[in-house]
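Engineer: Provided herewith is a single structure, encoded as structure tokens, for subsequent inquiry.
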Amino acid sequence: MYMREWTRCHRPTMSSPLQLTASDEDIKSVTIYKSDRAEVARSFQVTLQSGRNEVEILGLSSAIDVDSARVTGLGDARLFEVSCKIQKPESWDVSPDSASERIRALRAKNATLSQEKRNAESAARLLREYGKSLGGQTQAVPPADADAFLDRYLARGADLARTCARLDEEMLQIQREIQKISAEGSAVKGKTDGRVTAVIMAKAQTEVVLKLTYVVRQARWKPSYELHAHSDESGMPASSVSLHYRAIIMQMTGETWRGVALTLSTARPSLADESIPELTPSRLVPPPTPPRVGPEYPGFAGWPDRPAPIAPPVLGGPPGPGAQPTVIIQPPYQSRARSSRSRSRSRSHSPPIPVPFIASEASSSEASWAASDVEDEVELVVPPSSFKPTTSIAKESPLFISYKIDGESSIPSDGEDHKVSIAEPSFQATVSHVVVPKVKAVVYLEAKVKNTSDYRLMPGPVNIFFDDSFVSKTSIKDIAPGGEFTCTLGPDLGTRVTYNRTSKLETDAQTSRFSEQYATTTCSASTSVTNTHPFALAALIVRDSLPISDDEKRVRVILRDPAVLAEAEQGEEKDVGQYKASWSDDDGRKKGLYEWHCSVEAGKDVTLLTAWDVKAPADVKWIEKS
């Protein structure tokens with residue numbers, strides 16, 4: 001009923017569309033998502049006439065999603081229709097603000113100036129010829145007339161010279177402006193052939209602020225961090241660090257985001273159908289019959305590209321390719337019966353038989369710059385940036401996090417990375433000195449940083465600076481408020497490390513003709529750490545490893561010193577004099593990886609000793625291989 005009355009009272013009037021150029025109005029706000037998408041909001045001041053109004057907005061990004069355009073802010077007017085399409089403008093339908101039109105106007109002006117210069121040069125030439133003609137007259141010229149002519153000649157010649165110089169300067173500036181516009185045009189990535197048409201019905205003439213919102217592709221962001229640590233007056237690393245939380249933004253939409261209100265969202269909206277997948281039944285079917293192997297069937301076993309089977313490792317030589325060693329750490333005087341019972345219990349529990357199934361091949365997803373959340377990203381390291389400390393308003397929901405950047409941001413459509421500051425919180429850090437002397441006799445500073453801010457840190461690369469000097473690069477995973485991550489602050493040149501390993505082979509006496517003769521290799525590793533700093537190293541961690549055996553029945557590794565380490569469980573620390581020893585994290589006991597924990601006073605040194613035996617039959621040869 002309402003629609004019939006509206007149509008009867010407000011019959012559509014046929015009028016030319018009201019055309020608006022997108023570049024005439026700046027973009028108000030942009031929300032960038034993590035899925036190569038961004039939502040752009042524009043506003044236009046529009047005067048609507050009574051009845052039907054057709055509004056065309058030209059020069060929008062060609063990367064616009066044609067189904068995403070929304071028109072709001074019409075007040076009492078009603079939106080009847082909105083459509084969006086990508087259409088290249090006709091040759092006559094060119095915006096006066098376009099680069100081609102600006103260059104055309106400048107070239108026309110340059111042609112006018114060039115003609116003016118030619119006219120001035122012609123006038124100067126005529127003036128010179130006229131002066132020469134006076135010299136050929138037979139009748140003498142009075143001195144007063146000659147003086148007056150020379151004054152006019154010099155004045156007119158000076159005016160013409162200044163005119164030519166001014167025209168040369170103006171033409172030079174025009175050429176530079178043309179080069180600048182051409183360079184800007186080549187730097188801009190993306191086109192602006194999108195247009196939105198809206199049909200609006202108004203009861204009376206009215207002024208409205210039409211708000212156009214649409215989604216574009218080719219816009220992305222990813223997090224990036226700079227961790228800044230400093231030393232105190234004594235040279236010791238301070239317990240407080242600052243994290244510069246940045247966003248790297250890239251866009252190639254063809255539109256310049258100038259002075260926009262910027263919001264970064266971790267949401268990943270998709271323009272495709274995101275319905276819940278349908279579950280299909282699974283069936284048990286016989287496995288495919290493998291091809292028969294033999295001389296009469298050379299197609300399988302006779303393939304020249306078929307890799308040879310991996311042979312089991314031979315004791316006394318290097319392990320075969322692909323061999324995965326098992327860890328055997330045995331305390332001294334360990335009971336063989338106890339070990340045998342443990343293995344017997346382990347064998348009594350057979351692993352479940354795997355059920356074969358046929359899996360569907362997963363479709364490959366589109367590679368995206370925005371999806372590079374892995375930690376091995378390569379990023380150009382730059383000196384500490386001079387960004388002013390800024391803040392952002394973080395809003396977290398169960399599905400995503402959004403950061404509203406304080407102030408206005410400008411991101412050109414050039415396909416280059418642009419950094420925007422999100423926040424610069426300060427964190428508490430626990431600094432340790434860590435050395436792995438078996439690999440490299442260098443002590444490193446390691447900081448364990450706790451996220452004491454309200455910001456959730458997204459996965460991304462971290463450039464680390466110590467006293468404003470770049471020292472290393474790392475990456476972090478998702479760190480919630482209260483979470484921790486570790487990073488290296490670089491080597492400590494004020495701490496010296498010496499590492500020595502020795503081994504001695506002894507053959508056991510043969511007790512009888514029927515007993516097997518064994519050989520024992522006694523090994524030791526000595527690590528000396530000297531602290532030359534004026535302050536103590538409160539937390540020194542020395543990481544080392546024991547060899548592991550592939551065959552515990554024939555080749556055994558027996559830890560002699562520190563003996564208490566052989567009895568320690570994973571995650572348990574044992575006192576060794578004034579020091580502590582423990583297995584390293586991540587199955588250190590199984591892998592033979594252990595750590596010393598100690599402190600070193602200023603100007604002092606410590607020596608840490610580890611000893612073990614490798615016992616094997618005398619005829620079995622073995623080597624230690626990392």
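No value in this document is a laboratory result; all are computed from the given coordinates. Everything quoted here is computed from the prediction, not taken from an experiment. Neighbour counts are summed over all protein chains in view; Cβ atoms, including those assigned to glycine, are modelled from backbone coordinates with ideal geometry.
Engineer: Taking amide H atoms as placed 1.01 Å from N in the peptide plane, list the residues 5 or more away in sequence, or in a different chain, whose amide H sits under 5 Å from that of Asp508.
Structural biologist: It is Tyr518, Ala519, Thr520, by chain and number.
Engineer: With each label point set 7 Å from Cα along the Cα-Cβ vector, what nm distance links Glu25 and Ala155?
Structural biologist: Result: 5.8 nm between the two label points.
Engineer: Shifting gears a bit: List the pairs from Lys440/Lys591; Lys504/Lys580; Lys553/Lys625; Lys88/Lys222 whose alpha-carbon separation is above 24 Å, in the order I gave them.
Structural biologist: Lys504/Lys580; Lys88/Lys222
Engineer: Pairs Lys34/Lys473; Lys34/Lys85; Lys85/Lys404: which are spaced more than 27 Å apart, C-alpha to C-alpha?
Structural biologist: Correct reply: Lys85/Lys404.
Engineer: A follow-up question, please. What is the packing order of peptides 540-548, 79-87, taking the mean over residues of other C-beta atoms within 10 Å and listing the highest first?
Structural biologist: 540-548, 79-87
Engineer: Pairs on different chains or at least eight residues apart, Cα atoms closer than 29 Å: how many lysine pairs in the stretch 139-212 fit?
Structural biologist: 5
Engineer: By average Cβ neighbour count within 10 Å, what is the ranking of 142-153, 118-129, 480-491 from highest down?
Structural biologist: Per-residue Cβ counts within 10 Å, averaged per peptide and sorted highest first, yield 480-491, 118-129, 142-153.
Engineer: How far apart, in nm, are two points set 7 Å out from the Cα along the Cα-to-Cβ line at Ser182 and at Arg554?
Structural biologist: 7.8 nm
Engineer: Estimate the FRET efficiency between Glu569 and Leu279 by the formula 1/(1 + (r/R0)^6), using the beta-carbon distance for r and 51 Å for R0, to the nearest 0.05.
Structural biologist: About 0.75, to the nearest 0.05.
Engineer: How much length, in nm to one decimal, is gained on full extension between Glu233 and Glu81, taken as 0.36 nm per residue of separation minus their Cα-Cα distance?
Structural biologist: 47.8 nm
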